[in-house]
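Data first, discussion second: the structure below is written as structure tokens.
The values are calculated or read from the model by the stated rules, or taken from the named source; none is laboratory data. Computed from a predicted structure; not experimentally measured. Positions of Cβ are backbone-derived with ideal geometry, glycine not excepted, and every protein chain shown enters the neighbour counts.
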Amino acid sequence: MMRRLLLLRHAKSAYPQGVGDIDRPLNPRGREAAPLMGAYIARESLAPDHVMVSPARRTQETWEAVRGELPESPMETVPSIYEAPASRILDAIRSAPAEAQTLLVIGHNPGLGDLALRLVGEGPKELRNDLREKFPTAALAVLEFDAVGWEDIAPGTGRLLRFVRPRQLAAEMDDD
């Protein structure tokens, strides 16, 4: 059985004075990028069966903008993935519902980028190099696993299928 994991870093956020990190909202660029990623996920038939989102305002706002482009899917706010290291995000993924074939996790760097690198065992060299170079805001890594259940997801067992950044999608739109 195939499992597909979508790792989406929150869109670009603002840094308002006097606002705590967890309460930082998206900035205008982030509010533009997030729906672009949602439209990409929908267009490419990558819609998730289940969604895990950090409790931070910027991740919640990213999900709100992304989900407008997607069919309805169960979402849970997962406090343990807020500003979490890769190992804690992986623990959350391993607890995903068994019936979910495609899981979307919306979180933060450096943990999300570290996790993607840790999970990838194969995939196009160019994509792996791009992933290693930088996991920018609103970027999406799509990995596939030959795993019976989410609890079987382990480092080095994923295939990196796609690594998409919002600026690529914006450039494609400009070309149309």
Can you confirm whether Ala56 is of a type in the set (Gly, Ala, Ser), crowded, with 22+ Cβ neighbours inside 10 Å and either modelled with pLDDT of 95 or more or more than 23 Å from Pro16 (Cα to Cα) (or both)? yes
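Let's see how each residue does on (1) loosely packed, with under 15 Cβ neighbours inside 10 Å; (2) farther than 17 Å from Ala84 by Cβ:
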| site | (1), (2) |
| --- | --- |
| Leu112 | no, no |
| Ala116 | no, no |
| Gly123 | no, yes |
| Glu126 | yes, yes |
| Leu143 | no, yes |
| Thr157 | no, yes |
| Leu160 | no, yes |
| Leu169 | no, yes |
Within the stretch 68-78, restricting to residues that are surrounded by 12 or more Cβ atoms within 10 Å (Cβ to Cβ) and of a type outside the set (S, T, N, Q), the one that is nearest to Leu112 (Cα to Cα) is Val78
